[in-house]
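This report concerns only the one structure given below.
Taken together, the values in this text are just the output of simple stated rules run on the coordinates, not laboratory data. Just so we're clear, the structure is a prediction, and the values are computed from it rather than from any experiment. Neighbour counts run over all protein chains shown; Cβ positions are idealised from the backbone, glycine included.
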Amino acid sequence: MNIQITARNIDLTDAIRSYAEKKVSKLEKYSDHITEASVLLEVQKNVHIVEILLSAKGIFMKGLEKSEDLYASIDLASDKIEKQLVKYKEKLKDKKIHDKDYETPLRLNVLDSQSVEDSETRVIISKDIPVKPMDSEEAVMQMELLNKSFFVFRNSDSNEVAVVYQRDDGNIGLIES
């Protein structure tokens, strides 16, 4: 597993780096497919924020925690990821979701909010997203793991791009092309 650690507003000492790497590397026991881990350590107004992002064969998991102590934040974020890994593993067993290969990545463009009002459109973020074909149930599970309100995926049945999203009434919506 490739572990990348980034620090903002904090000195990244060898002790902090090794502690974060140790906690994140322990997550490998839950899945052999974890390829990358990104750890962001940040301090804002005496609050230590730790965000851990894992990538495992097209599945992304995110753990974000805040506390007064950096080491506690690292522990809490890695515990959150660990729970997600266990939950995902159980869902895989229950649903018998099989691993599928990646398709060509989708390009996600985020527009500047002011450019929508103006006649000139500007892209402020452009990102290639590796897309794993999956059914809508797996996409909903991925959306929940990332704690997001929507998730873009390639439907494994139709091979078309689709979106699942959290509706205001608490239900899940599906947009297919």
Pull up all non-local amide H partners of residue 148: gap of 5 or more, or a different chain, and H-to-H distance under 5 Å with H placed in the peptide plane. none
Taking only the alpha carbons of region 17-80, the radius of gyration and the largest Cα-Cα distance, Dmax, both in angstrom, are 11.6, 38
Once R0 is set to 45 Å, what does the formula 1/(1 + (r/R0)^6) return for the Cβ-Cβ distance between residue 160 and residue 83, expressed as a FRET efficiency to the nearest 0.05? 0.90
What residues have an amide H closer than 5 Å to that of residue 156, excluding those fewer than 5 places away on the same chain, when H is modeled at 1.01 Å from N in the peptide plane? 134, 135
Which whole-Hz couplings ³J(HN,Hα) result when phi for each residue of region 158-173 is put into the Karplus expression 6.51 cos²θ - 1.76 cosθ + 1.60, θ = phi - 60°, listed in order with x for Gly and Pro? 9, 6, 9, 6, 9, 9, 9, 8, 7, 7, 4, 7, x, 7, 9, x
Which whole-Hz ³J(HN,Hα) couplings does region 70-75 yield from phi under the Karplus relation 6.51 cos²θ - 1.76 cosθ + 1.60, θ = phi - 60°, glycine and proline marked x? 4, 5, 5, 5, 4, 4
Could you please rank 48, 33, placing first whichever residue has the fewest other Cβ atoms within 10 Å of its Cβ? 33, 48
For region 11-23, just list the computed ³J(HN,Hα) in residue order, Karplus coefficients 6.51, -1.76 and 1.60, θ = phi - 60°, integers in Hz, with x standing in for Gly and Pro. 7, 8, 7, 4, 5, 5, 4, 5, 5, 5, 4, 5, 5
Note: residue 168 to residue 146 extended length (0.36 nm per residue) minus current alpha-carbon separation gives 6.1 nm
In this model, which of 29/83; 62/91; 66/132 are farther than 24 Å apart at the alpha-carbon? 66/132
Long-range amide H partners of residue 172, meaning residues 5 or more apart or on another chain whose placed amide H is closer than 5 Å, are 167
